[in-house]
Amino acid sequence: MSDIVSSATVRHLRGSAQKARLVIDLIRGKKVGEAQWALAQAKKYAADPIRKLLDSAVANAIDKDPAVNPDELIVKTACVDEGFRMKRVRPAPMGRAYRVQKRTCHITLQLGRED
């Protein structure tokens, strides 16, 4: 089993955790180059922040150990957790109000070496 080389986390990302999981499932277990390509091709809202997060994790790995080769890294674990919900009120007919929940999520990526 390979060890974790680096990790990166983004917190309070606007968007639901369910939609971010669709994008994360595309890159879990892939090499960094393949994951970056998949995120560049994905037409989802969460793809751009996740691509920045992946670049940050690679930069963390290089800062931690300058001898590491980014081409050898794989996305070992990637998890998406639900964050807080911003609760807002929207006007509705006849003086009523509808509740709107603006969801957020937390995403954590961990990179490891190939076996």
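Give the span of the range 4-113's Cα atoms along each principal axis, as three whole-Å numbers ordered largest to smallest.
Principal axes ranked by extent give 66, 25, 16 Å for the Cα atoms.
Among residues other than Ala35 whose Cβ falls under 10 Å from its Cβ, what is the net charge (Lys/Arg +1, Asp/Glu -1)? Present the calculation step by step, with values, prior to reporting the outcome.
Working: positive: Arg28, Lys30, Lys31, Arg51; negative: Glu34.
Cβ neighbours under 10 Å give a net charge of +3.
What does the charge count near Val10 come to, summing +1 for each Lys or Arg and -1 for each Asp or Glu among other residues with Cβ under 12 Å from its Cβ? Write down the numbers at each step before the final one.
Numbers: positive: Arg11, Arg14, Arg51, Lys52; negative: Asp48, Asp55, Asp81.
The answer is +1.
Return one number: the angle in degrees, 0 to 90 and rounded to the nearest 10, between the long axis of the Cα atoms of helix 32-41 and the longest principal axis of the Cα atoms of the chain.
30 degrees
Can you compute the modelled spin-label distance between Asp71 and Ala38, with each label point 7 Å from Cα toward Cβ, in nm?
Result: 2.0 nm between the two label points.
R0 = 25 Å: FRET efficiency of Asp3 with Asp25, Cβ-based, nearest 0.05? Before the final figure, lay out each step's value.
Details: r = 24 Å, r/R0 = 0.94.
The calculated FRET efficiency here is 0.60.
Can you tell which of Val58, Val32, Val89 shows the greatest fluctuation in a Gaussian network model of the chain with Cα springs below 10 Å?
Highest fluctuation of the listed residues: Val89.
Only Lys, Arg, Asp and Glu count, each charged at its Cβ (+1, +1, -1, -1), so figure out the dipole size of the chain about its Cα centre, rounded to 20 debye.
Numbers: 22 positive and 13 negative charges, 282 e Å.
Result for the chain is approximately 1360 debye, rounded to the nearest 20.
Mind telling me which of Ile24, Ile74, Ile62 comes out most flexible in a GNM of the chain, alpha-carbon contacts under 10 Å?
Top of the fluctuation ranking is Ile62.
How many nm separate the modelled label positions at Met86 and Ser56, each set 7 Å beyond the Cα in the direction of the Cβ?
Inter-label distance under the simple model: 1.8 nm.
For a quick check: with amide H placed at 1.01 Å from N, whose amide H comes under 5 Å from Arg28's, ignoring anything fewer than 5 positions away on the same chain?
Amide H to amide H, under 5 Å and 5 or more residues apart or across chains, Arg28 pairs with nothing.
Treating cross-link reach as a plain straight distance, find the lysines whose alpha-carbon is under 26 Å from the alpha-carbon of Lys44, omitting any fewer than eight places away in the same chain.
Correct list for Lys44: Lys19, Lys30, Lys31, Lys52, Lys76, Lys87, Lys102.
No lab work stands behind these numbers, since they all come straight from the coordinates. This is a predicted model, so every value here is computed, not measured. Positions of Cβ are generated from backbone atoms using ideal geometry, with glycine treated the same way; all protein chains shown enter the neighbour counts.
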